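Student: Shown below is the structure under consideration.
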Amino acid sequence: MTVHILEAARVLTGRGQVLTPGTVVLTDRRIVWVGLSRQLPKPWAAVPATARIRLPEATILPGLIDAHVHLSFGGAPRPPVALLATTRMEVAATIHAALRQLRDAGITTVRDLGAPRYIDSSTLADLDAGPRVLTATIPLTVAGGHCAGLGGAVSETAEIDQLVAANATRGADWIKVMVTGGFTTGGRSSPYEPQFTDDQLARIVTAARAHGLPVAAHAHGSAGIRQAVGAGVDSIEHCTWMTPDGFDLDHGVVREIVNRRIMVCPTINHHARDATGRLPWAVRREQLRVMLDAGVRLIPGTDSGIPQTPHDQYAYSLPIWTDLGYSAADIIELATAAAAQALRIDHLTGTLTAGHVGDLIAVPGDPMTDLGALTTPVVVATAGHLHYPDTTTTAEENTRP
Ligand SMILES: [Zn+2]
């Protein structure tokens, strides 16, 4: 049994406690104890100081969760096209690099929302102690539609049922559906227009439910958002309320999003504040404030893997949430406990709780007063495996046989 005792100036449990100084004990994959350092129970209190991990200037908190990434995209401008031109091995290498980057940036869980046909959970499980991956495997779309190059074009009921069933077999944790077109596909894909009929979308949700899987709906345009809400999806991705010539935020649909407890992941990356052109931040910020005021549950995610959005920039996107009125403490909660709850894994991660999986980070200083601290984790634990992002990879603990 491997035991790690981590002591820090501060431990944020994610359950409303700040322990100063605090200690977390990990054995194998799990957190077994969290508390004030002076209350550390006997067997571990007897461990000599030299055998503990002492972080007297740091804060320990739950690992970060990015609710919207694309592990296999590698920053390509037209990912589905680029992916078709690569081999399975090359995609696996891209995913490995993405997971290393995420891990070293303190992200211990991601939701991967769209991958090519040959990526399944066993490909992800082959990786060395990386972040937890909730995967949607192949997104459902229409022929020639958004990300159709990933292999998920469906139309007839039987095709919908087959692909959802195949994704479930591949280990899908979510079913992703491209309700509208998108920006990275080109051609016939319009982000403003729905791709499916109401009946097709209802069938997709029914098929996902039959496998016990929640549905994540990619929807930019207002018509698509309205359709996704009506079909009863579980999360809306992007949710930009766009029309071909402007914006149309529908307050009635916003109320339905609240009533149905649908989560919205608005995919805010580290560039969001500087955005000009089609979706300037002032417009976006106003939309998000309206949704927040109405009681919509927003969850952070970056869409990393798309162009100009590397996987390790998540912590740089988080201070942007202060523009929506969130405090640093609120933002930390959003990116950890609230995200875990929204993704239905709060029994595993998101807070520092005895019995949970050993996912945590240590950052210099106090992120409650300076969110910038989250950009430079000094220790990252993924399922109890310790990593030191500042040091070379050869210094990493290797607990795999
Ligand atoms: Zn995406």
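Student: Among the residues of the range 223-257, what is the count of those that are under 23 Å from G277 (Cβ atoms), within 16 Å of the ligand (Cβ to nearest atom) and outside any strand (DSSP E or B)?
Tutor: 2
Student: Any residue in the range 33-61 that is assigned to a loop (DSSP other than H, G, I, E, B) sitting within a Cβ distance under 8 Å of a residue that is modelled with pLDDT under 95 and of a type outside the set (K, R)? List the pairs, counting only those 6 or more apart or interchain.
Tutor: Once the first residue is assigned to a loop (DSSP other than H, G, I, E, B) and sits in the range 33-61, its partners that are modelled with pLDDT under 95 and of a type outside the set (K, R) give V47/V3.
Student: In the range 272-307, which residues are surrounded by 17 or more Cβ atoms within 10 Å (Cβ to Cβ) and touching a residue at least 60 places away in the same chain (Cβ under 8 Å)?
Tutor: Of everything in the range 272-307, those that are surrounded by 17 or more Cβ atoms within 10 Å (Cβ to Cβ) and touching a residue at least 60 places away in the same chain (Cβ under 8 Å) turn out to be I299, P300, G301, T302, D303, S304, G305, I306.
Student: Does T322 satisfy being within 16 Å of the ligand (Cβ to nearest atom) and either under 25 Å from A217 (Cβ atoms) or modelled with pLDDT of 95 or more (or both)?
Tutor: no
Student: Quick one: is V18 at pLDDT below 95, surrounded by fewer than 16 Cβ atoms within 10 Å (Cβ to Cβ) and of a type in the set (V, I, T)?
Tutor: no
Student: Taking the range 293-314 only, how many residues are under 28 Å from R255 (Cα atoms), more than 14 Å from the ligand (Cβ to nearest atom) and out of contact with any helix residue (DSSP H, G or I) (no Cβ under 6 Å at 6 or more places or on another chain)?
Tutor: Count: 3.
Student: As an exercise: evaluate I268 against (1) at pLDDT 95 or above; (2) within 16 Å of the ligand (Cβ to nearest atom) and give the number of the one condition it does not meet.
Tutor: All conditions pass for I268, except number (1).
Student: Could you name every one of the strands (runs of 3 or more DSSP E) located completely within the range 282-401 that has at least 1 residues being polar (S, T, N, Q)?
Tutor: 379-382
Student: Test of understanding: among V69, V34, which residue is modelled with pLDDT of 85 or more, assigned by TED's automatic domain parsing to the domain that holds H311, among the β-branched types (V, I, T) and crowded, with 17+ Cβ neighbours inside 10 Å?
Tutor: None of the others qualify; the one that does is V69.
Student: Across the range 14-31, what is the number of residues that are within 13 Å of D359 (Cα to Cα) and more than 25 Å from the chain's Cα centre (by Cα)?
Tutor: The number of residues fulfilling the criteria is 2.
Student: Among the residues of the range 233-250, write down those that are surrounded by 17 or more Cβ atoms within 10 Å (Cβ to Cβ) and over 15 Å from V296 (Cα atoms).
Tutor: Within the range 233-250, M242 is the sole residue that qualifies.
Matching residues to (1) within 14 Å of the ligand (Cβ to nearest atom); (2) surrounded by 24 or more Cβ atoms within 10 Å (Cβ to Cβ); (3) modelled with pLDDT under 90:
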{"position": "D104", "(1), (2), (3)": "no, no, no"}
{"position": "A125", "(1), (2), (3)": "no, no, yes"}
{"position": "A129", "(1), (2), (3)": "no, no, yes"}
{"position": "R132", "(1), (2), (3)": "no, no, no"}
{"position": "T135", "(1), (2), (3)": "yes, yes, no"}
{"position": "A143", "(1), (2), (3)": "no, no, no"}
{"position": "G152", "(1), (2), (3)": "yes, yes, no"}
{"position": "S155", "(1), (2), (3)": "no, no, no"}
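Student: Let me ask something else about it. For a quick check of your reading of the model, give me the residue pairs whose first member lies in the range 329-356 and is without any contact (Cβ under 8 Å) to a residue 60 or more places away in the chain, whose second is part of a helix (DSSP H, G or I) and not β-branched (V, I, T), with beta-carbon atoms closer than 6 Å and at least 6 apart or on different chains.
Tutor: Correct list of pairs: I331/L318; I331/W321; D346/A340.
The values are calculated or read from the model by the stated rules, or taken from the named source; none is laboratory data. Everything numeric in this text was worked out from a predicted model, so none of it was measured. Glycine gets a Cβ as well: all are built from the backbone with ideal geometry, and neighbour counts include every protein chain shown.
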